[in-house]
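Remarks on the structure that follows.
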Amino acid sequence: MKTIQTYSFKNKKALVRVDYNVPLNEQSEITDTTRIDASLPTLKKILADGGSIIIMSHLGRPKGRDEKCSLKHLLPYLKQVTGVEIMFAEDCLQADAQAAQLKPGQILLLENVRFYKEETDGDEAFARKLASYGDVYVNDAFATAHREHATTAVIARFFPEDKLFGLLMQAEVDNLNQVMNNPKRPFTAILGGSKISTKINIINYLLTKVDNIILGGGMNYTVHKAMGGHVGKSLVEDEMLDVAREMLETAKKNNVKVYVSEDTVASDRFGNDAMRRIFPTDEIPDTLEGMDIGPKTCLNYRQAILDSATVLWNGPMGVFEFDNFSNGTFMVADAVARATENGSFTLAGGGDSVAAINKFKLAEKFSYISTAGGAMLEFCEGRELPGIRCIVDEKY
Ligand code: AMP
């Protein structure tokens, strides 16, 4: 497999798939540029080599052409951060002339590839057409790597000799591999978020890999109820109770310690200014719901995190969007930051965990923060991602 560091893009037209699915406000201005910024090292490497770039991306979930999801809204910012005039192809299937005229040092941005349903269908003819614009395919879209779409995977078939990971993709794969396949021990996974049903696959897979699993957020209450606890009005998925019991049994068999919240900050309604009272998590009154992990739990979790040499984190510990219920998530983020300072390898990912880490201004204090949500979870479930396979598998 060729790598981007040693590949020379001189006089080559590089088709680069990025994930520019960035949030836009009502005025179509970008409100978070993280994903664009993360692609810059790859773009700069290609330009510095004397190559040109054809950028492919999706934005949103348009059904056909939709101005709100147009990538033209990204042009001013892209121009600012690359320092290069960016050409724009309003129809990604009609860019032959613009691609042909591209000179070294220039960038052509193709309109949202999802304006065509062929993209999500993984249509080969569509991929072949886009492939005809360039000499080399670079996949730098880790956040979309769990999709087998035309430009995230299928297009690689047309570049059997010249397909590469971009620098972001490579960093994501390297860091996640280090955590999942080569962790220093003890290895602790922290999983939070709303529903256990969306995280049970990763929990079950991690039970074969980790020493400890720390649970927080809404899903914590399903596990407590499964153990016979009384969790009041807290978020519970009753259909997952048996699955939660099985998970606890497997953990015991595998010698994995599962941490659930000892105490909970409960409230009578779902709002920032709602009342807050602390209860043992298995004795929450019928009229109240759990909104955050409690102070004893915070201390316990903190110690377990500080005792770990590798930490993987996905999902908040409580309703962190409300300041009054964000303490548990902050305490965990702070403990992971401290663990990093002490030499542990720490990796976090997923939209909400990263939003929380940014809210607490702790991003710099993690060893690595993934740009992906779903793709990271699938990677950590041990699944093969098409966006990775299409590059590493010569026969793809
Ligand atoms: P997820 O997308 O599954 O990672 O869930 C993230 C969401 O879980 C965030 O919006 C949190 O507000 C929410 N959440 C965390 N803890 C709780 C809780 N105790 N009750 C309800 N929602 C929660």
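The values are calculated or read from the model by the stated rules, or taken from the named source; none is laboratory data. These numbers were taken from a predicted model, which means no experiment stands behind them. No Cβ is skipped: glycine too gets one built from the backbone with ideal geometry, and neighbour counts run over all protein chains shown.
In the set Val236, Val173, Val243, Val231, only one residue is within 29 Å of Ala309 (Cβ to Cβ), β-branched (Val, Ile, Thr) and at pLDDT 95 or above; that residue is Val173. Whether any residue in segment 359-372 is without any contact (Cβ under 8 Å) to a residue 12 or more places away in the chain and either of a type in the set (A, V, I, L, M) or not assigned by TED's automatic domain parsing to the domain that holds Gly218 (or both) is what I want to check. Yes, the conditions are met somewhere in segment 359-372.
Residues in segment 109-127 that are over 24 Å from the mean Cα position of the chain (by Cα) and either at pLDDT below 95 or of a type in the set (Ser, Thr, Tyr) (or both): Tyr116 only.
Scan segment 182-201 residue by residue and report those that are more than 11 Å from the ligand (Cβ to nearest atom) and β-branched (Val, Ile, Thr). Don't jump to the end; show me each part of the working.
So in segment 182-201, the residues more than 11 Å from the ligand (Cβ to nearest atom) come out as 182-190, 200-201.
Passing the criteria: Thr188, Ile190, Ile200.
For segment 380-390, does any single residue satisfy the condition of being surrounded by 24 or more Cβ atoms within 10 Å (Cβ to Cβ) and under 21 Å from Val22 (Cα atoms)? Yes. What are the residues in segment 92-106 that are touching a residue at least 24 places away in the same chain (Cβ under 8 Å) and surrounded by fewer than 18 Cβ atoms within 10 Å (Cβ to Cβ), if any? Listed by number, the residues that qualify are Leu93, Asp96, Lys103, Pro104, Gly105. Note on segment 154-240: enclosed helices (runs of 4 or more DSSP H) holding 1 or more residues that are among the basic types (Lys, Arg) and surrounded by fewer than 23 Cβ atoms within 10 Å (Cβ to Cβ) are 219-226. Candidates in segment 58-74 are the residues that are assigned to a helix (DSSP H, G or I) and over 24 Å from the mean Cα position of the chain (by Cα); of these, the one that is farthest from Asp37 (Cα to Cα) is Glu67. Residues in segment 346-368 that are closer than 17 Å to Ala189 by Cα, surrounded by fewer than 22 Cβ atoms within 10 Å (Cβ to Cβ) and more than 15 Å from the ligand (Cβ to nearest atom): Ser367, Tyr368.
Which residue, of Ile305, Ile293, is buried (at least 23 other Cβ atoms within 10 Å of the Cβ) and out of contact with any Gly (no Cβ under 9 Å at 6 or more places or on another chain)?
Working: Ile293 fails: out of contact with any Gly (no Cβ under 9 Å at 6 or more places or on another chain).
Within the list Ile305, Ile293, the selection yields Ile305.
Every residue, every condition in (1) at pLDDT below 95; (2) away from the ligand (no atom under 12 Å from the Cβ); (3) surrounded by fewer than 17 Cβ atoms within 10 Å (Cβ to Cβ); (4) within 18 Å of Leu235 (Cβ to Cβ), yes or no:
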position: Ser267; (1), (2), (3), (4): no, no, no, yes
position: Thr281; (1), (2), (3), (4): no, no, no, yes
position: Tyr301; (1), (2), (3), (4): no, yes, no, no
position: Met331; (1), (2), (3), (4): no, yes, no, no
position: Gly343; (1), (2), (3), (4): no, yes, yes, no
